[in-house]
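Undergrad: Submitted below is the structure of interest, expressed as structure tokens.
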Amino acid sequence: MLLVLAAYAHVGDVLDTLDAHVDPATPSRVHVEATFGLVTLEGDAGAWVCHEAVTAPGVFAAPHYVQGSTGRFAAWNSGPNDGRDGEPVWTSADRCDWTALTGLAGQLVAEVSLRGDEAWAATATSGVTNGLYRTVDGAFVPAGVSSDTDIFLSVRAEGPAIWAVSTDGDVLTLWHSTDGTAFTSHTVAPPDGVTLPLRGSIGAIDPTDGDRAWLVMDPIGVDFLYELTEAGATQTSIWAPPDRLTDLTRLPDGALLAVLNDRRPWRGVDGVFTEMAVEDASGGDVGPEGLWLSNRTYVNGLFATLSTDGHTAARTLGPEVIASPLSCPAGSTQVTICEPLWDALSLRLQPQPTGDSGTPTPIPPPVVEEPSSCGCAAGTLSGVGGPGALAIPWLLRRRRNRRSPRAR
């Protein structure tokens, strides 16, 4: 039996962050995706929503969150069996109550995007027909794009433009639509010498030109960044980063913010990328105050950093700024499920002793003991198991580009 109770699966996770999103409806808010839940920062205080609001009991895998232009959230679990009540995708207008979007039970959901309050999903379940789905009256229905040979890895919907990426492992196929009904497609072959299988994702869409987007090509090893124009008919390789590219954001001034697997953020203008001095980032977004970066908490003890010049840190926030669960009405999902877990999490969010450099000591993960007969290593994530996931483990080998589908 695990010493960390199943009810506290995410409370016991290593403290770390995955991405930061400025709220499109309330730009003074910054939502940080963390390994232990979704945190909303306002000023120097944060409010917490637990993963257990949308995951099945005892599941260790962290769901992904995305926010649409109206402020609505969607959360999805990639593993077919990881969602609460068997439903992988959930939505919320206030982060207090979460409602299942039906129609994808048993599917491996690769990505969800929100266009206003309409949700789009890409599926990647092994051995079945995969494709794109959109919601009608709270249920996912096929969007008319499917394949018996490809899995669909990415979907992004912004304004009238919808982009998606599928793969058969050897080449990528780009899908593009200006109305959500008729799609065109173009294939993208990898450069010579790369190691297959091949995957990719739409990292960003140009809000001023829906026929222009950026593709992260992801073979085994080095990544490549492509600029796509003419709805994908023209594909230009613009950067081969020195490490894997794990997050891409289009900034309001047209530049690209790229975060690499080694936690370094880079700024790109016209295909020329310059490394920023701010370190230990997992993702970022720009708001009225400046550039917000989610930090690698277990590395430097910080939760978020604000940079006003794109290079140095103007403010740094530790996990202790997460002051309480999000305040919600009695009987809501948040109050019923999350609030009982707060005491266990709050103990881990307190300031840690600092070392000689003045930097907080990285917060260690909890000790998890498992019986030797279980056949698994301590800390194994249940979210990478289940039907489909084991058949294509390379699909889930790292999380990337879970970005808010809005103008970057």
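The values are calculated or read from the model by the stated rules, or taken from the named source; none is laboratory data. Note that the coordinates shown come from a computational prediction; the quantities given were computed from them, not determined experimentally. All Cβ positions, glycine included, derive from the backbone under ideal geometry; neighbour counts span all protein chains shown.
Undergrad: From the set of residues in the stretch 1-10 that are in a loop (DSSP other than H, G, I, E, B) and buried (at least 16 other Cβ atoms within 10 Å of the Cβ), which is modelled with the highest pLDDT? Break it down stepwise before answering.
TA: Just the residues of the stretch 1-10 that are in a loop (DSSP other than H, G, I, E, B), to begin with: 1-5, 9-10.
After this cut, where a residue has to be buried (at least 16 other Cβ atoms within 10 Å of the Cβ) as well, the list is 2, 4, 9-10.
Working: 2: 28, 4: 31, 9: 51, 10: 74.
Result: 10.
Undergrad: OK, next. Taking into account only those residues within the stretch 171-184 that are among the small types (Gly, Ala, Ser) and surrounded by 14 or more Cβ atoms within 10 Å (Cβ to Cβ), which is farthest from residue 199 (Cα to Cα)?
TA: Step one: filter the stretch 171-184 for residues among the small types (Gly, Ala, Ser), giving 177, 180, 182.
From what is left, the residues that are surrounded by 14 or more Cβ atoms within 10 Å (Cβ to Cβ) are 177, 180.
Values: 177: 21, 180: 23 Å.
Top of the filtered list is 180.
Undergrad: Can I ask one more? Consider residue 215 against the criteria (1) free of Cβ contacts under 8 Å to residues at least 24 places away in the same chain; (2) out of contact with any Lys or Arg (no Cβ under 9 Å at 6 or more places or on another chain): it satisfies all of them except one. Which criterion is unmet?
TA: Answer for residue 215: the failing condition is (1).
Undergrad: Take residue 102 and decide whether it is surrounded by fewer than 20 Cβ atoms within 10 Å (Cβ to Cβ), modelled with pLDDT of 95 or more, touching a Gly at 6+ places or on another chain (Cβ under 9 Å) and within 23 Å of residue 166 (Cα to Cα). Steps first, please.
TA: Numbers: surrounded by fewer than 20 Cβ atoms within 10 Å (Cβ to Cβ): yes; modelled with pLDDT of 95 or more: yes; touching a Gly at 6+ places or on another chain (Cβ under 9 Å): yes; within 23 Å of residue 166 (Cα to Cα): yes.
Here the answer is yes, as residue 102 does meet what is asked.
Undergrad: For the stretch 225-247, how many residues meet the condition of being among the aliphatic types (A, V, I, L, M) and touching a Phe, Trp or Tyr at 6+ places or on another chain (Cβ under 6 Å)? Before the answer, list the steps.
TA: Just the residues of the stretch 225-247 that are among the aliphatic types (A, V, I, L, M), to begin with: 225, 228, 231, 233, 238, 240, 245.
Narrowing further to those that are touching a Phe, Trp or Tyr at 6+ places or on another chain (Cβ under 6 Å): 225, 240.
Residues meeting the conditions: 2.
Undergrad: Go through the stretch 317-336 and give me each residue that's within 15 Å of residue 46 (Cα to Cα) and of a type in the set (A, V, I, L, M, F, W, C).
TA: 317, 321, 322, 323, 326, 328
Undergrad: Quick check on my filter: what residues within the stretch 206-243 are under 26 Å from residue 281 (Cα atoms) and touching a Gly at 6+ places or on another chain (Cβ under 8 Å)?
TA: If we filter the stretch 206-243 for residues that are under 26 Å from residue 281 (Cα atoms), which is where we start, we get 206-207, 213-227, 237-243.
Selection gives 207, 213, 214, 215, 216, 217, 218, 225, 227, 238, 239.
Undergrad: Continuing with the same structure: Take the stretch 71-94 and flag every residue that is touching a residue at least 60 places away in the same chain (Cβ under 8 Å), closer than 16 Å to residue 57 by Cα and surrounded by fewer than 24 Cβ atoms within 10 Å (Cβ to Cβ).
TA: Of everything in the stretch 71-94, those that are touching a residue at least 60 places away in the same chain (Cβ under 8 Å), closer than 16 Å to residue 57 by Cα and surrounded by fewer than 24 Cβ atoms within 10 Å (Cβ to Cβ) turn out to be 80, 81.
Undergrad: If I ask for residues that are over 14 Å from the mean Cα position of the chain (by Cα), part of a loop (DSSP other than H, G, I, E, B) and among the acidic types (Asp, Glu), which ones from the stretch 11-48 would you list?
TA: Across the stretch 11-48, the qualifying residues are 13, 23, 44.
Undergrad: For the stretch 211-236, how many residues are buried (at least 16 other Cβ atoms within 10 Å of the Cβ) and in contact with an Asp or Glu (Cβ under 7 Å, 6 or more places away or on another chain)? So that I can check it myself, show each step before the final result.
TA: The first filter runs over the stretch 211-236 and keeps only residues buried (at least 16 other Cβ atoms within 10 Å of the Cβ), leaving 211-219, 222-228, 231-232, 235.
Filter again for in contact with an Asp or Glu (Cβ under 7 Å, 6 or more places away or on another chain), leaving 211-214, 216-217, 231.
Total satisfying the criteria: 7.
Undergrad: Out of (1) free of Cβ contacts under 8 Å to residues at least 40 places away in the same chain; (2) among the charged types (D, E, K, R); (3) in contact with a Ser or Thr (Cβ under 7 Å, 6 or more places away or on another chain), what's the single condition that is false for residue 97?
TA: (1)
Undergrad: Considering each of 157, 139 in turn, give the residue that is within 19 Å of the chain's Cα centre (by Cα) and hydrophobic (A, V, I, L, M, F, W, C).
TA: On the way: 139 fails: within 19 Å of the chain's Cα centre (by Cα).
Criteria check complete, one pass: 157.
Undergrad: Please indicate, with yes or no, whether at least one residue in the stretch 107-117 is surrounded by fewer than 24 Cβ atoms within 10 Å (Cβ to Cβ), assigned to a strand (DSSP E or B) and modelled with pLDDT under 95.
TA: The answer is yes; a qualifying residue exists.
Undergrad: Further question on the same structure: Counting just the residues of the stretch 100-131 that are polar (S, T, N, Q) and touching a residue at least 24 places away in the same chain (Cβ under 8 Å), which one comes out nearest to residue 61 (Cα to Cα)?
TA: As a first pass, look at the stretch 100-131 and keep what is polar (S, T, N, Q): 102, 107, 113, 123, 125-126, 129-130.
Checking which are touching a residue at least 24 places away in the same chain (Cβ under 8 Å) leaves us with 102, 107, 113, 123, 125-126, 130.
Working: 102: 20, 107: 16, 113: 20, 123: 18, 125: 17, 126: 19, 130: 23 Å.
Top of the filtered list is 107.
Undergrad: List pairs: first in the stretch 260-283 and over 20 Å from residue 304 (Cβ atoms), second surrounded by fewer than 20 Cβ atoms within 10 Å (Cβ to Cβ) and among the hydroxyl-bearing types (Ser, Thr, Tyr), Cβ under 9 Å, 6+ apart or cross-chain?
TA: Pairs found: 268/274; 271/236.
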